[in-house]
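Note sheet for the following structure.
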Amino acid sequence: GRPLAATGPAHAPAGRRQVLAPAEREAACATRPGGQRSAWPGPVFAMSALALEELAALTAIYCQRDECAVLAVSETDGITLRIQTSVKGLLDSDILLKLSFHLPVSYPSSLPNISINSEQLTRAQCKDVKERLLEQAKRHLSEPMVHELVLWIQQNIKHIIGQSETSVCNEKSTLSRCISTEDGIWTILLHLDHMRAKAKYVKTVEKWTSDLRLTGRLMFMGKMILILLQGDRTSIKEYLILQKTSKVDVDSSGKKCKEKMISVLCETKVQTEHKRFQAFEVKEYSTLDELQKEFEAAGLIELFSEFVPALLK
């Protein structure tokens, strides 16, 4: 892979932390014992031979642009590196994970510190991923583990992100049996500007709601298109990601395109006394009165009054 290194003296003063700017990571290489060239800065050699071998392997494995970056090195603190990897989430949606590993000088005899960042995941999901990775890391204590942890998260991400941090699940239960003690059931009301490929679009929405176990209605009244969903908040957020990132419709030329004209009118927690939709259905209404009765039956008349009539103006 491309050399990642720090500029300046090959050996920084003890205890001094080197923070590496992007350009500096491509600069001068240190020399290993025996005269071999290395992509790693001098202070890294305070680390074990196992750690050095792993670092060299990581740069070879994650050699594409932005896949592996050295963020900081120190003779006393060790090394911090970030690995970016694309994984498949629920319904095979793409998720870009940024995994930061701080490897102490005593690594791998000591566990790395790990942080997770992803624009496609909620804060709670990132926390869950981190906790599961740290649990997994304990199984690899005293052996190089960064690559193993990256592979493990690629294989297990779907299961992890399907659970909120407050889910109470039996170890052998499936995601569908998980009960969220904090988030509860949420309702979201979406407004779509249009559907050009209506049949395909409707089929896709039905598949997503089925896979994510969401109930509600896809409602057509004249040119108005509304999607009313109920379910746990994690599933609703996953649905929104799919809705905004998948090529679900076609443009005016017939080319597949992402949904750019969708608006979230309201997102609110369902009160326990309210009725809930038992299934997801696609319905057409000829009058506003018919549409209003649908909301009334679900105990959502306030939601209707606040948002729906305004769409007709």
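Computed from the coordinates by the stated procedures, all read-outs in this text should not be read as laboratory data. Computed from a prediction, not measured in an experiment: that's the story for all the values here. Every residue, glycine as well, gets a Cβ built from its backbone with ideal geometry; the counts of neighbours run over all protein chains shown.
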Item to check | Residue-span extension gain [A279 to R65] - 0.36 nm each, minus C-alpha spacing | outcome: 72.5 nm
Item to check | R0 of 30 Å, Cβ-Cβ distance S305-D211: FRET efficiency to nearest 0.05 | outcome: 0.40
Next on the checklist: List the residues, sorted by chain then number, that are 5 or more residues from L265 or on another chain and whose placed amide H is less than 5 Å from its amide H.
Outcome noted: L189, L190, H191
Item to check | Least to most buried among V202, V308 (fewest other Cβ within 10 Å first) | outcome: V202, V308
Checklist entry - How long is the gain from Q292 to M224 if the chain were fully straight, where each residue apart is worth 0.36 nm and the alpha carbon distance is subtracted? => result 23.2 nm
